[in-house]
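Have a look at the structure below, then the notes.
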Amino acid sequence: MFKKIFICSLFIMLFSVVSPVYAEIADTTDHASHHEQHSLDWPGIYHGFLPCDDCNGVKTTLGLNKNNTYILITQYIGKSEREIVEKGKFMAGSVANTLELTPRNSSITRYYFVDKDILIQLDDKGNRIAGKLADRYVLRRTDLKESTPSHAH
């Protein structure tokens, strides 16, 4: 329970120091061009345990903000106790229902397919990952309201 509160507090602290980024809203009649951004509620916190070649798995938490910024926290279980924090911006991908995450301090873009309450990690070219572990590259959205503490009496 303490860990959930700590992670939520960490997100609040980190998001409060990020200066907001505002984008102009273009009036367009081509509703397909925005790639379902408004029909799929992207902002939120997503968790998953992704496959890893040289460790037990990658514990992953991805927070997507309404101002199109993100924070990604990863930990390589069985390899290191260190949590790696990455911040950056995200935007709708060139393919429908995809996101492109661009970190502040790197040129490596991450790609995700967006579905209802899940993100599916894509390869470095934006394609679905193939193979026997392909279905394990999923981050599930966590509703913060569900994480309220319950008291046992």
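The values are calculated or read from the model by the stated rules, or taken from the named source; none is laboratory data. Everything quoted here is computed from the prediction, not taken from an experiment. Every residue, glycine among them, receives a Cβ derived from its backbone with ideal geometry; neighbour counts consider all protein chains shown.
The residues of the stretch 40-56 that are in a loop (DSSP other than H, G, I, E, B) and more than 16 Å from ARG82 (Cα to Cα), listed by number, are LEU40, ASP41, TRP42, PRO43, PRO51, ASP53. If the condition is being in contact (Cβ under 8 Å) with a residue 60 or more places away in the chain and not acidic (Asp, Glu), then the stretch 104-122 contributes VAL114, LYS116, ILE118, LEU119, GLN121. Of all the listed residues (LYS79, LYS89, LYS66), the sole one being surrounded by fewer than 18 Cβ atoms within 10 Å (Cβ to Cβ) and either among the β-branched types (Val, Ile, Thr) or in a strand (DSSP E or B) (or both) is LYS89. Here the stretch 94-118 is the region considered, the condition is being farther than 20 Å from ARG140 by Cβ, assigned to a loop (DSSP other than H, G, I, E, B) and not basic (Lys, Arg), and the residue that is modelled with the highest pLDDT is THR109.
None of LEU139, LEU133, LEU62, LEU72 is touching a residue at least 60 places away in the same chain (Cβ under 8 Å) and over 17 Å from ASP41 (Cα atoms) except LEU133. Being without any contact (Cβ under 8 Å) to a residue 12 or more places away in the chain and either surrounded by fewer than 19 Cβ atoms within 10 Å (Cβ to Cβ) or basic (Lys, Arg) (or both): is that true of ASP41 here? Against the criterion (without any contact (Cβ under 8 Å) to a residue 12 or more places away in the chain and either surrounded by fewer than 19 Cβ atoms within 10 Å (Cβ to Cβ) or basic (Lys, Arg) (or both)), ASP41 qualifies. Looking only at residues in the stretch 111-143 that are closer than 14 Å to GLY63 by Cα and among the basic types (Lys, Arg), the one that is surrounded by the most Cβ atoms within 10 Å (Cβ to Cβ) is ARG141.
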